[in-house]
Amino acid sequence: MEGSGILGLLLVVICSAQPPSLLFPADKCWLSPKNRKDCGFPGIEASECVQRGCCFDAGNRDAPPCFYSLDSLPVCTKDGQVLIAISKDLTLPPVNLTTVHLKEGDGAECSPTVASADTVLFQFAVTECGATQRLDGVNILYETDVLGEFEILDGALGSVTRDSPFRLHVQCSYRGSQESDLQVKPRVYTLSPPLPATEAGILLLELRIARDGGYRSWYVASDYPILSVLRDPVFMEVRVLNRNDPSLVLVLNDCWATPTAEPYSGIRWDLLVERCPFAGDNYKTRLLPVNADSHLRFPTHHNRFVVSTFAFWDRVSGRALTGEVYFHCSAEVCYPSTRENCTAPCSPSKYLQSD
């Protein structure tokens, strides 16, 4: 593997419950000299070594002074080695470290290099321990898995387990011949939380207008139509009604205004387009964050935004249209997952800062 450059490292951690905390012992540099892997280059200074997230100890001539700390792992090295540290607290409940092993790795070189009550460390060559090799364009990929067993209890009418299933997928990508090609980008993914219990039914949404920016007092049916001066703010909210699922997230796709109650009358002015303020407005709609401290039971069931009052213009007559302005929104509900974070591409805080 001499002279190879590593472009990427992709890790997939699957755990049964909460996201991994990646907790290790307080001292991240307790590896013995024989288990230390070089993280620097000859003559590296202590400050630069620590800045890389590595450990520095120049007191042992038989070990590199700059070496990987436990919390800087996993890593693929230039000489074709893989280092992985697994903490028992990586899953909830804790993973049983005595069952953690490399896929198809039966030899001594594939056993944990270090095993403590809290952490196991694997160090092996990318061509060993069940790793497979394949070409991906100009890249050579080496892949293997770290697995953990779990105990299953069988009863007369079913089976249960109280252990966290564990699987770590490791991928090292090598390309080129220059050491400067080296880029290591570890990523950790978890299973999505279990889908909440749901039931069939009509989803009810409400679009309403607040009397001020505090969103505590609301106009009622008898208050409409509301008289507003041009450019005055209109404090709007869309919310989900009669739902108690805290995982549910309301997402506004598009919002617009029309001069009649018919949402598709042909004349309209866009307010939000594909979850973002309409770029063609010189008084852009402002998205407002709805935070956990907003005194709402389920903040994610609410979307808030501010519109500057306007009047429709008739180009034929060259006059502003008199009468009412009606607001409409298209929305959907979403459950957060590793593939969908249920957030708009335009951050509310970004628009608050720029206005």
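The values are calculated or read from the model by the stated rules, or taken from the named source; none is laboratory data. In this text, all values refer to a predicted model and were calculated from it rather than measured experimentally. Cβ placement follows ideal geometry from the backbone for every residue including glycine, while neighbour counts extend to all protein chains displayed.
In the range 239-251, the residues that are touching a residue at least 60 places away in the same chain (Cβ under 8 Å) and farther than 7 Å from residue 300 by Cβ form Cβ pairs under 8 Å with partners that are outside any loop (DSSP other than H, G, I, E, B) and basic (Lys, Arg), at six or more places apart or across chains, as follows: 239/208. In this structure, does residue 324 turn out to be among the acidic types (Asp, Glu), in contact with a Pro (Cβ under 9 Å, 6 or more places away or on another chain) and in a loop (DSSP other than H, G, I, E, B)? Answer is yes for this residue. Somewhere in the range 141-162, is a residue at pLDDT 75 or above, of a type in the set (Asp, Glu) and under 30 Å from residue 307 (Cβ atoms)? Within the range 141-162, none of the residues are at pLDDT 75 or above, of a type in the set (Asp, Glu) and under 30 Å from residue 307 (Cβ atoms). Scanning the range 46-96 for residues that are charged (D, E, K, R), touching a residue at least 24 places away in the same chain (Cβ under 8 Å) and farther than 20 Å from residue 170 by Cα gives 57, 62.
Number of residues in the range 281-315 that are touching a Cys at 6+ places or on another chain (Cβ under 9 Å) and among the β-branched types (Val, Ile, Thr) equals 3. For beta carbons closer than 6 Å, sequence separation of 6+ or different chains, a first residue in the range 118-136 that is touching a residue at least 12 places away in the same chain (Cβ under 8 Å) and a second that is basic (Lys, Arg), the qualifying pairs are 118/88; 130/103.
Just one of (1) assigned to a loop (DSSP other than H, G, I, E, B); (2) modelled with pLDDT under 90; (3) not aromatic (Phe, Trp, Tyr) fails for residue 332. It is (1). All told, residue 258 meets the bar of being more than 14 Å from residue 235 (Cα to Cα), more than 34 Å from the chain's Cα centre (by Cα) and buried (at least 17 other Cβ atoms within 10 Å of the Cβ). Return yes or no: is residue 195 out of contact with any strand residue (DSSP E or B) (no Cβ under 8 Å at 6 or more places or on another chain), modelled with pLDDT under 65 and loosely packed, with under 11 Cβ neighbours inside 10 Å? So residue 195 passes the test. Considering only residues in the range 36-45 that are in a loop (DSSP other than H, G, I, E, B) and free of Cβ contacts under 8 Å to residues at least 40 places away in the same chain, the one that is nearest to residue 112 (Cα to Cα) turns out to be 36. For residue 223, are the conditions met, namely being farther than 23 Å from residue 300 by Cβ and not hydroxyl-bearing (Ser, Thr, Tyr)? It is true that residue 223 is farther than 23 Å from residue 300 by Cβ and not hydroxyl-bearing (Ser, Thr, Tyr).
Checked against the criterion of being aromatic (Phe, Trp, Tyr) and within 16 Å of residue 209 (Cα to Cα), the candidates 298, 312, 235, 278 yield just one match: 235.
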